[in-house]
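Down below is the structure, laid out as structure tokens.
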Amino acid sequence: MSAAVLGATGMVGQVFINLLSKHPWFEVKVVAASERSQGRKYSEVTNWKLQSPIPEKVADLEIVDITPEAVGDVDLVFSALPADIAGKIEEEFAKSGYIVLSNASSHRMDPDVPLLNPEVNGEHISLIDEQRRRRKWDGAIITNPNCSTAILTLALKPIYDEFGINRVIVSTMQALSGAGYPGVASLDIVDNVIPFIRNEEEKVQTETLKILGTLTNPANFKISASCHRVATLDGHMEAVFVEPIRKPNPEDVAKVMENFVGEPQKLKLPTAPTRPIVVRYEEDRPQVRLDRMEGNGMSVVVGRIRKDPALDGVKFIVLGHNTIRGAAGCSILNAEYLKAKGYL
Ligand SMILES: NC(=O)c1ccc[n+]([C@@H]2O[C@H](COP(=O)([O-])OP(=O)(O)OC[C@H]3O[C@@H](n4cnc5c(N)ncnc54)[C@H](OP(=O)(O)O)[C@@H]3O)[C@@H](O)[C@H]2O)c1
């Protein structure tokens with residue numbers, strides 16, 4: 001199937017290009033970005049930040065405008081556009097009949113738009129039917145969560161299903177690539193931690209409840225997030241404190257996490273990691289540099305599962321790759337899931 005990537009030159013756009021260059025089902029045929037880049041070759045305008053070279057098939061593609069007319073005939077559209085412009089543009093594409101898989105926050109909280117982390121809430125895919133009815137369009141917008149939320153919800157899902165949740169407190173340590181390029185100035189972040197990421201705490205709090213909720217109602221527990229930018233390149237680490245409804249011991253939590261698989265694993269989707277949650281038992285894991293590429297960047301790694309005396313529950317560390325599980329990888333897995341469910 002042919003795909004277009006909107007915002008193909010940015011941090012997330014580059015990860016899309018890289019992951020899709022090896023994809024068995026989807027091939028990038030169109031790349032779109034801002035006026036600055038339009039009309040020029042992808043390899044000329046992209047400040048490529050990944051270790052592997054720009055895939056040959058994309059290097060010579062000419063960048064086009066982010067409109068349905070310029071993008072033309074493709075089977076699906078991946079969007080890695082900044083949120084301030086993504087909303088309207090993605091609607092234009094959906095109105096024109098395209099399936100849009102978006103990384104932007106613009107439509108995530110719309111009640112008729114799936115906010116999909118497919119191992120966690122695959123059943124929310126049926127919101128597409130509601131969206132088409134309400135908005136009278138043939139296309140669709142499907143969003144994936146904010147990076148920290150994608151990682152957090154995967155770790156919480158087995159706890160939520162097995163033991164119930166009353167309360168969650170999460171403190172994040174977020175990598176620089178999460179801010180896009182050029183992101184945070186080096187003079188601000190070297191030798192430093194910045195205890196503020198605009199709108200991030202609100203996103204983690206609201207998106208988590210939508211994802212773990214039903215089609216019509218958010219999950220009914222309290223959640224508080226504190227988000228921090230740290231000087232790592234890729235990989236968000238999160239310290240999570242959970243007050244479950246029933247009272248499991250840490251070994252019970254480790255077991256349900258290790259045994260957890262979702263529908264993408266059962267369907268053997270190409271981007272689905274064999275184990276969505278990898279549990280480590282060493283006292284000092286997970287670590288950002290060592291563990292962020294687990295499951296090709298699609299697994300989250302959980303460690304230090306222990307009793308939490310303050311919440312009478314458990315606490316643990318979770319690590320995930322922010323531009324793969326937290327962005328482009330999740331979007332591609334969503335597209336595979338849509339195809340498996342007959343929406344593509
Ligand atoms: N980075 C992450 O870990 C992460 C995780 C989850 C979600 N997201 C979300 O994903 C989206 C992309 O993030 P990013 O980090 O990749 O940002 P980025 O590095 O700043 O890239 C932005 C992309 O959008 C294009 N663009 C900017 N303004 C445009 C305009 N007016 N018209 C057309 N194209 C325009 C840029 O093209 P030019 O090169 O031509 O300027 C570039 O391709 C954002 O909504 C972000 O919140 C990011």
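See the values below:
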{"quantity": "Unmet requirement for residue 26, which otherwise passes all of (1) more than 9 Å from the ligand (Cβ to nearest atom); (2) in contact with a Lys or Arg (Cβ under 8 Å, 6 or more places away or on another chain)", "calculated": "(2)"}
{"quantity": "Spans of helices (runs of 4 or more DSSP H) in segment 62-130 with at least 1 residues surrounded by 24 or more Cβ atoms within 10 Å (Cβ to Cβ)", "calculated": "83-95, 118-121"}
{"quantity": "Segment 288-344, residues that are among the aromatic types (Phe, Trp, Tyr) and either surrounded by 24 or more Cβ atoms within 10 Å (Cβ to Cβ) or farther than 17 Å from residue 267 by Cβ (or both)", "calculated": "316, 337"}
{"quantity": "Qualifying positions in segment 36-49 - surrounded by fewer than 15 Cβ atoms within 10 Å (Cβ to Cβ) and either more than 10 Å from the ligand (Cβ to nearest atom) or more than 25 Å from the chain's Cα centre (by Cα) (or both)", "calculated": "36, 39, 40, 44"}
{"quantity": "Test: residue 16 is within 11 Å of the ligand (Cβ to nearest atom) and under 22 Å from the mean Cα position of the chain (by Cα)", "calculated": "yes"}
{"quantity": "Candidates 101, 115, 152 - the one that is within 16 Å of the ligand (Cβ to nearest atom) and either in the same structural domain as residue 190 (by TED's automatic domain parsing) or of a type in the set (Phe, Trp, Tyr) (or both)", "calculated": "152"}
{"quantity": "Single condition residue 122 does not satisfy, out of (1) within 16 Å of the ligand (Cβ to nearest atom); (2) in contact (Cβ under 8 Å) with a residue 40 or more places away in the chain", "calculated": "(1)"}
{"quantity": "Subset of segment 19-50 [in contact (Cβ under 8 Å) with a residue 60 or more places away in the chain and closer than 26 Å to residue 270 by Cβ]", "calculated": "19, 20, 23, 24, 25, 26, 49"}
{"quantity": "Residues located in segment 264-288, provided they are over 29 Å from residue 340 (Cα atoms) and touching a residue at least 40 places away in the same chain (Cβ under 8 Å)", "calculated": "286, 288"}
{"quantity": "Matching residues in segment 177-187 - criterion: being touching a helix residue (DSSP H, G or I) at 6+ places or on another chain (Cβ under 9 Å) and near the ligand (Cβ under 9 Å from one of its atoms)", "calculated": "177, 178, 179, 180, 181, 183"}
{"quantity": "Strands (runs of 3 or more DSSP E) fully within segment 245-321 counting 2 or more residues that are within 16 Å of the chain's Cα centre (by Cα)", "calculated": "300-308, 313-320"}
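The values are calculated or read from the model by the stated rules, or taken from the named source; none is laboratory data. Since the structure is predicted, the reported quantities are computational estimates derived from the model, not experimental observations. Here the Cβ is made from the backbone with ideal geometry for all residues, glycine too, and neighbour counts use every protein chain on show.
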